[in-house]
Amino acid sequence: MNATTQLTLIDGNNWYYSFLSGAKKIIENQKHINKINVFPVPDADTGTNLASTLRSIVDNITPHHSFDRTAEAIADAALVGARGNSGIIFAQFLYGISNEMEGRDKIDVGAFAEIMLNAVKYAYEAIANPIEGTMITVIRAWAEFLYYIKDNADDFIKFLVAGLEKAQEALNNTTNQLQALAKMNVVDAGAQGFVMFLEGMLEFFKSGIKADMGNLVVEEDFSVSDFPHDVITFRYCTEALLSGDNLDKKLIRSLIDGMGDSIAVAGSPRKMRLHIHTDQPYLVFEKIAKHAIVLNQKVDDMVMQQQVIQNRRHSIALMTDSTCDLPKEFMDEHQIHFVPLNLTLGKNQYLDKITITAEQFYDMMDQSPDFPSTSQPSINDVLNKYTFLSTQYESIIAVHASSGLSGTFSTSLSAGEKISNQTGTPISVIDSKSLSGTLGLMLQRAALELEKGCTHTELVAKLKEWSNKTLIYVSPYTMKNFVRGGRVSKTKGFIAKLLNVKPVISMKDGVADVLDKAYSHKANLNMTVRYVDKAIKERGNIWKYCIVHANNIADAKLLGEKVEALTGMAPAYFYNVSPTVGVNAGTKTVAVAMLFE
């Protein structure tokens with residue numbers, strides 16, 4: 001194929017490699033798309049979301065000569081990997097293309113135009129309240145124009161050149177269709193992404209050169225004015241993959257009606273992708289989980305993103321994971337970012353601290369016949385987080401749960417090295433050798449050091465030093481979860497229950513270590529305080545300490561009073577521990593976490 005060759009038919013291979021070329025165009029220009037992201041909220045991630053959606057497709061399918069089979073594979077991969085409002089609209093459009101293909105191996109210009117026009121209806125069906133002047137408008141204008149000219153065209157290259165011109169015209173007009181775009185004098189970001197995708201497709205059809213996805217250069221973005229924060233009415237961009245035997249789009253929408261805006265539901269009766277902007281993602285999934293299996297959740301904090309873009313506190317980003325037990329108010333104030341671990345309970349999956357709260361989790365865990373399981377964040381989730389942070393900060397420091405307890409550190413280290421090599425952003429990833437309250441105290445101290453002007457190199461050195469100055473003493477209420485999670489044998493668990501043994505657990509070399517045991521909960525708390533006293537005598541002054549608990553604020557307050565009486569210091573905070581930490585600790589566990597001077 002070359003620029004002078006007439007192309008009258010395209011098959012699955014043509015479609016795949018043109019799709020690859022379109023994907024590359026978006027991935028290379030994602031920063032620019034992010035920068036012009038104004039509507040529906042100025043959260044600067046449309047380019048990242050579209051790029052992630054397309055990477056999911058590129059990474060998970062192989063071409064087939066049949067257009068039908070290739071289109072089906074692309075649509076399925078898009079639905080699983082779709083991110084953001086634009087990503088889900090695009091995924092639904094691709095699902096429409098697949099549904100309209102009707103088993104064809106090859107198609108001509110006329111069939112292509114008819115299929116694209118029919119697929120537009122699917123895209124509109126995905127959106128609860130379609131807004132013109134966005135990606136959907138440009139897709140429709142492009143498809144309608146192709147259908148209009150199809151009878152006078154037989155060459156795909158000329159046909160798609162004319163279609164691209166119409167799409168560009170529709171894109172330019174989006175500035176006049178939405179007040180938010182006109183105010184900033186930009187086009188719609190999702191629509192811009194679609195036009196770039198068409199440009200990439202056309203480049204393949206003209207040249208026949210297959211895109212090299214292993215050699216991508218992300219272009220620098222262009223500057224536009226800062227966007228106003230007050231347009232963000234709902235904080236969390238919330239998504240999930242839903243699975244079931246007979247899913248109903250109307251039912252899913254009705255369940256979450258009134259809980260947010262930008263609602264989109266794409267897919268088939270067996271697999272759907274949900275998108276909503278909401279303040280309460282955990283309530284969204286509490287309702288959805290009664291009617292569908294909830295998988296592959298993704299939640300972005302748009303307010304935090306916008307604060308970083310408009311009012312970044314420091315040039316160094318602080319990042320951790322959801323095992324870091326530190327009050328949300330402090331993390332918000334000091335712009336501490338985190339990646340959530342994954343939690344599975346029954347058939348449903350959750351994002352730790354985001355789509356399930358500690359209060360919800362402990363009630364569900366105690367009632368469920370299934371023992372929960374946890375897993376580290378996916379490499380793609382961490383890559384996406386680092387990608388965003390690298391566009392906003394001069395450097396990044398990530399501090400994670402002990403590598404002896406979680407693979408999150410290893411995943412973050414790999415992702416950090418990759419993004420640092422791509423962007424040149426210095427990224428340091430630190431093994432805290434701890435978790436929960438001790439990890440929280442390390443991040444709290446790090447944030448305060450940044451306020452004093454601490455440099456990247458200085459803070460990395462301090463964090464490594466602090467990792468050896470933390471102590472946590474855990475007082476489980478029962479050994480049940482340690483047995484169910486495999487941390488203690490059933491025989492030992494039975495004996496412990498028979499004898500009413502209450503251990504005191506600490507951390508040694510980054511893993512759990514049983515220090516001592518008592519035979520009542522009250523005696524166990526008193527023993528914990530004695531260990532605190534011993535540690536102070538051996539290590540010197542405490543910088544700060546906190547009390548964490550698993551839905552047991554009464555005993556947490558009691559332990560706090562005892563430690564305060566001993567030290568003369570009030571706890572820095574009380575905190576209901578992360579569900580992924582509480583899985584093994586069990587309900588009613590309490591602990592004191594300390595960071596020494």
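The values are calculated or read from the model by the stated rules, or taken from the named source; none is laboratory data. The shown structure was predicted, so the numbers you read here are calculated from the model rather than taken from an experiment. When we count neighbours, we look across all protein chains shown, and the Cβ atoms used for this are built from the backbone with ideal geometry, even at glycine.
In summary, ILE397 fulfils each of the numbered conditions (1) in contact with a Leu (Cβ under 8 Å, 6 or more places away or on another chain); (2) modelled with pLDDT under 90; (3) aliphatic (A, V, I, L, M) with the single exception of condition (2).
Considering only residues that are under 32 Å from the mean Cα position of the chain (by Cα) and surrounded by fewer than 18 Cβ atoms within 10 Å (Cβ to Cβ), which ones fall in region 527-565?
Matches in region 527-565: ILE553 only.
Applying the criterion of being touching a residue at least 60 places away in the same chain (Cβ under 8 Å) and polar (S, T, N, Q) to the residues of region 66-86, the residue that is nearest to TYR17 (Cα to Cα) is SER86. If you check every pair at least six apart or on different chains, which have Cβ atoms under 6 Å apart with a residue in region 125-138 that is crowded, with 22+ Cβ neighbours inside 10 Å first and a residue that is of a type in the set (A, V, I, L, M) and part of a loop (DSSP other than H, G, I, E, B) second? Every condition considered, the pairs that remain are GLY133/LEU178.
Filtering GLU286, GLU329 for residues that are assigned by TED's automatic domain parsing to the domain that holds LEU439 and surrounded by fewer than 20 Cβ atoms within 10 Å (Cβ to Cβ) leaves a single hit, GLU329.
Inside region 548-597, residues that are assigned to a loop (DSSP other than H, G, I, E, B), in contact with a strand residue (DSSP E or B) (Cβ under 8 Å, 6 or more places away or on another chain) and small (Gly, Ala, Ser) make up a count of 3. Taken together, ALA162, ALA141 contain a single residue that is surrounded by fewer than 18 Cβ atoms within 10 Å (Cβ to Cβ) and small (Gly, Ala, Ser), which is ALA162. In this structure, is LYS166 free of Cβ contacts under 8 Å to residues at least 24 places away in the same chain, more than 23 Å from GLU239 (Cβ to Cβ) and out of contact with any strand residue (DSSP E or B) (no Cβ under 7 Å at 6 or more places or on another chain)? Answer is no for this residue.
Pairs meeting the criteria (first residue in region 256-270 and under 11 Å from GLN280 (Cα atoms), second residue surrounded by fewer than 21 Cβ atoms within 10 Å (Cβ to Cβ) and acidic (Asp, Glu), beta carbons under 6 Å, at least 6 apart or on different chains) are lacking. Set side by side, the residues ALA78, ALA73, ALA44 differ, and just one is touching a Pro at 6+ places or on another chain (Cβ under 9 Å) and of a type in the set (A, V, I, L, M), which is ALA73.
Tell me, yes or no, whether region 183-205 has at least one residue that is surrounded by fewer than 23 Cβ atoms within 10 Å (Cβ to Cβ) and either modelled with pLDDT under 80 or under 23 Å from the mean Cα position of the chain (by Cα) (or both). No, the conditions are met nowhere in region 183-205. Quick check on region 527-539. Is at least one of its residues in contact (Cβ under 8 Å) with a residue 40 or more places away in the chain and either among the charged types (D, E, K, R) or not in a helix (DSSP H, G or I) (or both)? Among the residues of region 527-539, at least one is in contact (Cβ under 8 Å) with a residue 40 or more places away in the chain and either among the charged types (D, E, K, R) or not in a helix (DSSP H, G or I) (or both), which makes the answer yes. For region 337-371, give me each residue that is closer than 23 Å to GLU458 by Cβ and surrounded by 23 or more Cβ atoms within 10 Å (Cβ to Cβ). Answer for region 337-371, where residues must be closer than 23 Å to GLU458 by Cβ and surrounded by 23 or more Cβ atoms within 10 Å (Cβ to Cβ): just PHE338. The requirement of being at pLDDT 90 or above, out of contact with any strand residue (DSSP E or B) (no Cβ under 7 Å at 6 or more places or on another chain) and farther than 28 Å from MET304 by Cα is fulfilled nowhere in region 50-60; no residue meets it.
Filtered by the rule that a residue be farther than 25 Å from SER207 by Cβ and within 15 Å of the chain's Cα centre (by Cα), region 22-70 gives ASP43, ALA44, ASP45, THR46, THR48, ASN49, SER52, SER56. ASN524 - would you say it is under 35 Å from the mean Cα position of the chain (by Cα) and under 28 Å from MET364 (Cα atoms)? Criteria not met by ASN524. Yes or no: LYS464 at pLDDT 90 or above and in contact with a strand residue (DSSP E or B) (Cβ under 9 Å, 6 or more places away or on another chain)? Judged against the criteria, LYS464 is a match.
The set of residues from region 294-342 being of a type in the set (D, E, K, R), assigned to a strand (DSSP E or B) and modelled with pLDDT of 95 or more comprises just one member, ASP321. Taking region 347-458 as the region of interest, the helices (runs of 4 or more DSSP H) fully inside it that hold 3 or more residues being assigned by TED's automatic domain parsing to the domain that holds MET331 and more than 24 Å from ASN311 (Cβ to Cβ) are 379-392, 408-423, 436-451.
Residues checked against (1) over 16 Å from the mean Cα position of the chain (by Cα); (2) surrounded by 21 or more Cβ atoms within 10 Å (Cβ to Cβ); (3) within 18 Å of ARG235 (Cβ to Cβ):
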{"residue": "VAL265", "(1), (2), (3)": "yes, yes, no"}
{"residue": "LYS271", "(1), (2), (3)": "yes, no, no"}
{"residue": "ILE276", "(1), (2), (3)": "no, yes, yes"}
{"residue": "GLN280", "(1), (2), (3)": "no, no, yes"}
{"residue": "GLN307", "(1), (2), (3)": "yes, no, yes"}
{"residue": "ASP321", "(1), (2), (3)": "no, yes, no"}
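In region 6-57, the qualifying residues are those that are of a type in the set (A, V, I, L, M) and under 30 Å from ASP154 (Cβ atoms), and the one that is surrounded by the fewest Cβ atoms within 10 Å (Cβ to Cβ) is LEU9.
Yes or no, residue by residue, for (1) of a type in the set (A, V, I, L, M); (2) on the phi > 0 side of the Ramachandran plot; (3) in contact with a helix residue (DSSP H, G or I) (Cβ under 8 Å, 6 or more places away or on another chain):
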| residue | (1), (2), (3) |
| --- | --- |
| LEU345 | yes, no, yes |
| GLN349 | no, no, no |
| ILE356 | yes, no, yes |
| PHE361 | no, no, yes |
| MET364 | yes, no, no |
| PHE371 | no, no, yes |
| ASP381 | no, no, no |
| TYR386 | no, no, yes |
| LEU405 | yes, no, no |
